[in-house]
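Here's the structure we're looking at; comments come further down.
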Amino acid sequence: MFLPSTLAQDYKYQFDYPFEELFLKIEDEATINALHFKAENPKGVILYFHGNAGDLSRWGKITEFFVEKRYDVLVMDYRTYGKSIGKLSEDAIYKDAQYCYDYLLERYSENEITLYGRSLGTGIASYLASKNNAKRLILETPYYSILDIAKHRFPMFPVKQLLKYRFPTFQYLPKVKCPITIIHGTEDNVVPFSSGKKLSELESDIDFFTVKGGGHNNLIEFEDYHKAIDNVLK
């Protein structure tokens, strides 16, 4: 479920847009490495929660897509990823996510904060949206729950008893007060399209964008994805 890659503590990030590297000390034995990109005349800020593989050397590049659209971006590496250290758990991830949200609240109005989750990060972003009052929530390739995905991929195993992590997105969305947007590709072979579709049916006012032919990691290659993002971030 977690496929972290690590970086040396003195690794130097290189990106096309201005950024500040942060080391957020959550507790004595946990420090979160994050990047805070700064756009020129920003329209707001996006708190981005990335997928289950890679580190900020990769995800920083991916989130520059939003800086180009004139949004500041804060993206963190989960514990054990990149330069982040600390014991990994579901509760720890939620705690770190809230810490990053509170960091932004010291620098932006809450109605300027957009929460964005991709794949694994969709459950985290949804949890945070259920506990705060962000401007909007955007979910790219989201899962109904980790249990739902595990049952789909491993129907022969007693996954409910084996799972250590739950990330029950379906429990969080009904508690979210801000507008919710879901974007999902029809050919996603990691998180099935049906999972995102089922989430979209939890509430009548959730906007659901279908990317026809889109997979799990290539939505940015499709015009439907760009239309959806431009529609939401206009």
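Could you work out how far apart the two model spin labels at Lys234 and Gln98 are, taking each label as a point 7 Å from the Cα in the direction of the beta carbon, and quote it in nm? Label-label distance for Lys234 and Gln98, simple model: 3.6 nm. Applying the Karplus relation 6.51 cos²θ - 1.76 cosθ + 1.60 with θ = phi - 60° to segment 211-216 yields 3J(HN,Hα) values of 9, 5, x, x, x, 8 Hz, where x marks Gly and Pro. Starting from the Cα of Glu20, step 7 Å along the direction of its Cβ; do the same at Glu68; then give the gap between the two resulting points in nm. About 2.5 nm, to one decimal.
Counting other Cβ atoms within 10 Å, which trypsin sites (Lys or Arg not before Pro) in segment 51-89 have at most 15 and lie in a DSSP loop? Walk me through the numbers before you get to the answer.
On the way: sites: Arg58, Lys61, Lys69, Arg70, Arg79, Lys83, Lys87; in loops: Lys69, Arg70, Arg79, Lys83, Lys87.
Here the sparse-neighbourhood loop sites are Arg70, Lys87.
Derived scalar couplings between HN and Hα for segment 176-183 equal 7, 8, 8, x, 10, 10, 10, 10 Hz in order, rounded to whole Hz, by the Karplus curve 6.51 cos²θ - 1.76 cosθ + 1.60 (θ = phi - 60°), x for Gly and Pro.
Among the GluC sites (Glu not before Pro) in segment 1-40, those located in a DSSP loop and surrounded by at most 13 other Cβ atoms within 10 Å of their own Cβ are Glu29, Glu40. Once the C-beta distance of Asp28 and Lys227 is scaled by a Förster radius of 35 Å, the resulting FRET efficiency is 0.15 to the nearest 0.05.
Structure remark: mean-square fluctuation, Gaussian network model of the chain, C-alpha springs under 10 Å; the largest value among Ser119, Ser204, Ser109 belongs to Ser204.
Placing dummy labels 7 Å off each Cα toward the beta-carbon, the span from Gln171 to Asn52 is 1.9 nm. Under 5 Å between amide hydrogens, built in the peptide plane, is the criterion, and for Val211 it picks out His184, Gly185, Thr186 among residues at least 5 positions away or on other chains.
Annotation: lysines with alpha-carbon distance below 18 angstrom to Lys177 (same-chain offsets under eight excluded): Lys131, Lys135. Enumerate the lysines that Lys83 could reach by cross-link, defined here as Cα to Cα under 26 Å, with residues fewer than 8 away along the same chain left out. Cross-link targets: Lys12, Lys25, Lys38, Lys61, Lys95, Lys164. Listed by chain and number, the aspartates and glutamates whose C-alpha is less than 19 Å from the C-alpha of Lys87, apart from same-chain residues fewer than 8 away, are Glu27, Asp28, Glu29, Asp55, Asp77, Asp96.
Taking every DSSP beta bridge that has both ends in segment 33-158, the antiparallel portion is near 20%. In terms of other Cβ atoms within 10 Å, Asp224, Asp188, Asp102 run from fewest to most in the order Asp102, Asp224, Asp188. Phi angles across segment 103-112 convert, under the Karplus curve 6.51 cos²θ - 1.76 cosθ + 1.60 with θ = phi - 60°, into 3J(HN,Hα) values of 4, 5, 4, 7, 10, 9, 6, 4, 6, 9 Hz, Gly and Pro given as x.
Quick check on the chain: of the DSSP beta bridges with both residues there, what percent are antiparallel, nearest 5%? Numbers along the way, then the final one.
Working: 13 of 39 bridges.
Here the antiparallel bridges make up roughly 35 percent for the chain.
No lab work stands behind these numbers, since they all come straight from the coordinates. Bear in mind the structure is a predicted one, so any value in this text is a computation, not a measurement. For neighbour counting, all protein chains shown are included, and Cβ atoms are generated from backbone atoms with ideal geometry for every residue, glycine included.
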